[in-house]
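One structure below.
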Amino acid sequence: MSVVGIIAEFNPFHSGHEFLLNQARLIAGNDPIVVLTSGNYVQRGEMAIMSKWNRAKAALQSGADLVFETPFSTTVEPADLFSLGNIEQLAKLGVTDLVFGVEDANLNFTYLGSKIAEIPQNHMNFKDYSQTYSTQYNQMVAREVGHEINQPNAILGLAYAVANHNLGSPLSLHPVHRIGAGHDDLLQRSGVVQSASAIRNLLLHNENTDNLKYWMPKSEAVELAKQEVYPNWNLLFPFLKYRLESSSIEDLHQIYQMSEGLEYNMKEGIHLARDFTEFLRRIKSKRYTYSRLRRLSLYTLLNITQADMIASFNEESLLLLGFSKIGRKFLKDNRKNSQTKIISKVDKRSAKSGSLALQVRVDRLFEQIMGVDQNFGRRPLEV
């Protein structure tokens, strides 16, 4: 059995994701395709543009057999920890193959991952504070493998490969060449594959949504077009401003990943900034990437402490968002072999501790913004 896994955000789900699922089906055949998707918050430290349920529905209708929500404690992390957590969960579910989109599918990610993973740790202690960690890491990769890898999906694909090697290579890696627009490209005048960021920008700027039906499944396009609120950082900025200005330095110091006096910079920057973009510019330095600062802002907004993340790591579970007939059969047949806790219904008991407790807590803000319950009373989708 070739159980194919996909790690995704689907923010939102579009025709490029449909293509990736079709490529996964060529490998899986009649066997299941398992998707781990970010919930209502995504890896770069932002609120998702659509709810996890709507994105899961689009994936199921386009060929996925099982869709699980990746725990917040794995999702909102830098690429190495994001990859390690997702690869480990896929392996525990019994997944054998990983399919992922990259700019250049001819790269041997398995070889590159093993080569990078075997670099001594003391070579990873980057001390140049005039450059970000990610910049120094990419420079080191170029030196070690003789090939510069600086495109977003290739960087993430390499992180998957390193994580897979460090876990004993439980998955076979299948890079798929991306088609259409690049990861962060602006809206193209033609073509059926637009970047997710271009689609988000269109929605956030209240531009014409008639063309959405050409770039994503029709039912999802309709859902997006009628959505009244599109979550974004400028919408959340007043909440962050209140949180930072009403918190003491001591309280902010407890926030996960708050280090090197960033709490002081954030306190000063938020008081002067008129919007989130200006806030990021005020606290930006050569030491930190914008993604790192967005994640830290999200931790701060949601009051995520080091203790919260440790508790979640120590008791991680997967919330089942939906399944097909093939997926349901796979779950039934492999229930005894699964090495991870799968939850299909959130109740007071299951939400008391661990990763699910954290997910329920952070989803409260998403519910406040969107006006739709995200956990209690929800059942997995079935297609």
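The values are calculated or read from the model by the stated rules, or taken from the named source; none is laboratory data. Only a predicted model underlies this, so the values are computations on that prediction, with no experimental measurement involved. For neighbour counting, all protein chains shown are included, and Cβ atoms are generated from backbone atoms with ideal geometry for every residue, glycine included. Side chains are part of the model used for accessible areas, which takes the heavy atoms of the whole protein and leaves out ligands, DNA and RNA. Shrake-Rupley method; radii C 1.70, N 1.55, O 1.52, S 1.80 Å.
Below, the figures for the structure above:
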read-out	value
Qualifying residue in the range 109-120 (condition: open to solvent by 40 Å² or more (accessible area, probe 1.4 Å), at pLDDT below 80 and more than 30 Å from Met50 (Cα to Cα))	yes
Hey, Asn30 part of a loop (DSSP other than H, G, I, E, B), of a type outside the set (Ser, Thr, Tyr) and open to solvent by 30 Å² or more (accessible area, probe 1.4 Å) or not	yes
Any hit, the range 91-102, residues being modelled with pLDDT of 95 or more, touching an Asp or Glu at 6+ places or on another chain (Cβ under 6 Å) and of a type in the set (S, T, N, Q)	no
Filter result (surrounded by 15 or more Cβ atoms within 10 Å (Cβ to Cβ) and at pLDDT below 80) within the range 141-177	Val141, Val145
Subset of the range 302-351 (residues that are over 21 Å from Arg379 (Cα atoms) and charged (D, E, K, R))	Asp308, Glu315, Lys336
Among (1) under 13 Å from the mean Cα position of the chain (by Cα); (2) more than 30 Å from Gln368 (Cα to Cα); (3) among the charged types (D, E, K, R), the one test that Arg25 misses	(1)
Only listed residue being in contact with a helix residue (DSSP H, G or I) (Cβ under 9 Å, 6 or more places away or on another chain) and modelled with pLDDT of 95 or more, chosen from Gln43, Gln23	Gln43
Check on Ser134, in a helix (DSSP H, G or I), over 18 Å from Thr96 (Cα atoms) and either open to solvent by less than 50 Å² (accessible area, probe 1.4 Å) or modelled with pLDDT under 80 (or both)	yes
Criterion violated by Val4 - all others in (1) under 17 Å from Gly327 (Cα atoms); (2) surrounded by fewer than 24 Cβ atoms within 10 Å (Cβ to Cβ); (3) in contact with a Pro (Cβ under 9 Å, 6 or more places away or on another chain) satisfied	(2)
Odd one out for Leu236 among (1) assigned to a helix (DSSP H, G or I); (2) surrounded by fewer than 15 Cβ atoms within 10 Å (Cβ to Cβ); (3) not β-branched (Val, Ile, Thr)	(2)
Unique residue being part of a loop (DSSP other than H, G, I, E, B), touching a residue at least 60 places away in the same chain (Cβ under 8 Å), in contact with a strand residue (DSSP E or B) (Cβ under 9 Å, 6 or more places away or on another chain) and under 20 Å from Leu319 (Cα atoms) when the list is Gly5, Gly63, Gly39	Gly39
Residues of the range 241-268 satisfying the condition of being open to solvent by 60 Å² or more (accessible area, probe 1.4 Å) and within 20 Å of Glu77 (Cα to Cα)	His253, Gln254, Gln257, Glu260
Residue under evaluation Gln374, criteria (1) in contact (Cβ under 8 Å) with a residue 60 or more places away in the chain; (2) open to solvent by 70 Å² or more (accessible area, probe 1.4 Å), criterion not met	(2)
Residue list for the range 42-60, restricted to those being closer than 21 Å to Trp233 by Cβ, part of a helix (DSSP H, G or I) and either open to solvent by 10 Å² or more (accessible area, probe 1.4 Å) or touching a Lys or Arg at 6+ places or on another chain (Cβ under 7 Å) (or both)	Asn54
Any hit, the range 263-286, residues being under 15 Å from Thr305 (Cβ atoms) and free of Cβ contacts under 8 Å to residues at least 60 places away in the same chain	yes
Only listed residue being open to solvent by 40 Å² or more (accessible area, probe 1.4 Å) and either acidic (Asp, Glu) or in contact (Cβ under 8 Å) with a residue 40 or more places away in the chain (or both), chosen from Thr74, Thr96	Thr96
